[in-house]
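Engineer: First, the structure itself, so that you have it in front of you.
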Amino acid sequence: MNKFEIMLSPNEEICLELTCLNCRSIFSTELDLNFINENLPYSNNDVLYCVVCEKKYDYNIKFDSNLLEILVRGKKINGCLKKSSATDSGEYKPSTTAKSKTFYSTQINRLEKILELHCDEYIIEQSLNRLLYSAIITSLETYLNEVFCLVVFHSNITFEKFVNEYEPYKKEKINLNEIFERTNKIKEKVEEDLNSFIYHNIPKLIRIFNIFNFELQKFSQLDTIIVNIHMRHNLVHRSGLNNENNFEEVSKEDVKKVISNVNLFVDYINKKIESKCFLPEENVENNDNPF
């Protein structure tokens, strides 16, 4: 039996984090603490699963006098109870492009582990491969969204450059009496527009990244990325049918290839960030540089 304890403060959200005994992946789950207002002491049994290999873990949750106690049954397992906000800020709200790259790599590693799972039934294997293929492109889109937002919002220089050069903004017209209201809300508008941008539209993607001289069009395997994105479109929106209405078979090798292609694309963008070659020449020596 493994015991983990933590003292609770009001309105805190707690996460149970474990290292899987089967695949050694670290996974976590946010605990449902709605019982706190019930009659104490509280005790209940529940189950959680490793997100990678789906190994089952039975546990008992106890709460009394602000002490939360989790008892995980079975062999000794590494784990802890922690505030959910600390986990979220480290994994899901990256504040630097390096953290975005790390989060992307973590997601891809998880998908690769799932790909290693063996399945004897063809239709189930195909369904799994199609889901993995789609998830890889989704991971790429998440990375692109995060790093571009970080570039735009890094400083006043980068923010102003984006607002001045983003094509849709050049076409917007405002009345004189709206200037102050629109100015006060400009950052909110930019953030909303960037989060709703379609990051798998490669021509548009090239244009917005080229505001900062990323030159995505020079990536040698960009055409392959476009093919991968189109394939993902068929898998998600056409139930795996191609333009001739034939079923697109997805093998494990196909999934490995798209991982390789997307990794190269992310590395290309990351190197551009590290070298700062996307900066305008006159700003290279400015102390307000991105990154």
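Engineer: Which residue pairs have Cβ atoms under 6 Å apart, sit 6 or more places apart or on different chains, and have a first residue in region 44-68 that is closer than 13 Å to SER28 by Cβ and a second that is aliphatic (A, V, I, L, M) and at pLDDT below 85?
Structural biologist: Once the first residue is closer than 13 Å to SER28 by Cβ and sits in region 44-68, its partners that are aliphatic (A, V, I, L, M) and at pLDDT below 85 give TYR57/LEU48.
Engineer: Let me ask something else. Which pairs have Cβ atoms under 8 Å, sit 6 or more apart or on different chains, and link a residue in region 192-210 that is in contact (Cβ under 8 Å) with a residue 40 or more places away in the chain to one that is among the charged types (D, E, K, R) and in a helix (DSSP H, G or I)?
Structural biologist: Listed by first residue and then by second, the contacts come to PHE197/LYS204; TYR199/GLU141; HIS200/GLU141; HIS200/ARG232; ARG207/GLU167.
Engineer: Turning to a different aspect of this structure: Considering region 197-215 alone, what residues qualify as being within 22 Å of ALA135 (Cβ to Cβ) and either out of contact with any Leu (no Cβ under 6 Å at 6 or more places or on another chain) or not aromatic (Phe, Trp, Tyr) (or both)? Walk me through it before giving the result.
Structural biologist: The first filter runs over region 197-215 and keeps only residues within 22 Å of ALA135 (Cβ to Cβ), leaving 197-202, 205.
Listed by number, the residues that qualify are PHE197, ILE198, HIS200, ASN201, ILE202, LEU205.
Engineer: Something else about it: Residue pairs, Cβ under 6 Å, 6 or more apart or interchain, first in region 119-138 and closer than 18 Å to ASN263 by Cα and small (Gly, Ala, Ser), second open to solvent by 80 Å² or more (accessible area, probe 1.4 Å) and modelled with pLDDT under 95. List them.
Structural biologist: none
Engineer: Do we find that ILE198 is of a type in the set (A, V, I, L, M, F, W, C), at pLDDT below 90 and in a loop (DSSP other than H, G, I, E, B) in this structure? Before the answer, list the steps.
Structural biologist: Working: of a type in the set (A, V, I, L, M, F, W, C): yes; at pLDDT below 90: no; in a loop (DSSP other than H, G, I, E, B): yes.
When the stated conditions are applied, ILE198 does not pass them.
Engineer: From the list ILE36, ILE26, which one is of a type in the set (A, V, I, L, M), at pLDDT below 90, open to solvent by 40 Å² or more (accessible area, probe 1.4 Å) and closer than 30 Å to ASP267 by Cβ? Don't jump to the end; show me each part of the working.
Structural biologist: Details: ILE36 fails: closer than 30 Å to ASP267 by Cβ.
Exactly one residue qualifies, and that residue is ILE26.
Engineer: Next question. In the set VAL262, VAL250, VAL227, which member is buried (at least 18 other Cβ atoms within 10 Å of the Cβ) and part of a helix (DSSP H, G or I)? Before the answer, list the steps.
Structural biologist: Numbers: VAL250 fails: part of a helix (DSSP H, G or I); VAL227 fails: buried (at least 18 other Cβ atoms within 10 Å of the Cβ).
Of the residues listed, the single one that is buried (at least 18 other Cβ atoms within 10 Å of the Cβ) and part of a helix (DSSP H, G or I) is VAL262.
Engineer: Of all residues in region 63-76, how many are in a strand (DSSP E or B) and open to solvent by 80 Å² or more (accessible area, probe 1.4 Å)? Step through it out loud before you land on a result.
Structural biologist: Narrowing region 63-76 to residues in a strand (DSSP E or B): 63-64, 67-72.
Now drop any that are not open to solvent by 80 Å² or more (accessible area, probe 1.4 Å), which leaves none.
Qualifying residue count, region 63-76: 0.
Engineer: Answer yes or no as to whether SER220 is part of a loop (DSSP other than H, G, I, E, B) and open to solvent by less than 90 Å² (accessible area, probe 1.4 Å).
Structural biologist: no
Engineer: Any chance you could count how many residues in region 94-105 are part of a helix (DSSP H, G or I) and under 11 Å from the mean Cα position of the chain (by Cα)?
Structural biologist: 7
Engineer: Of all residues in region 177-202 being of a type in the set (Phe, Trp, Tyr) and surrounded by 11 or more Cβ atoms within 10 Å (Cβ to Cβ), which is farthest from ILE273 (Cα to Cα)?
Structural biologist: Going residue by residue through region 177-202, those that are of a type in the set (Phe, Trp, Tyr) are 180, 197, 199.
Filter once more, so that each one left must be surrounded by 11 or more Cβ atoms within 10 Å (Cβ to Cβ): 197, 199.
Values: PHE197: 20, TYR199: 18 Å.
That would be PHE197.
Engineer: Residues VAL47, VAL51: which one is part of a loop (DSSP other than H, G, I, E, B), closer than 30 Å to MET1 by Cα and at pLDDT below 90? Write out each step before concluding.
Structural biologist: On the way: VAL47 fails: part of a loop (DSSP other than H, G, I, E, B).
Checking each option against the conditions leaves just VAL51.
The values are calculated or read from the model by the stated rules, or taken from the named source; none is laboratory data. Every value quoted in this text rests on a predicted model; they were computed, and no experiment measured them. Because the Cβ atoms are built from the backbone with ideal geometry, glycine has one as well, and the counts that use them run over all protein chains shown. Please note that ligands, DNA and RNA were not included when accessible areas were found on the heavy atoms of the full protein model with its side chains. Shrake-Rupley method; radii C 1.70, N 1.55, O 1.52, S 1.80 Å.
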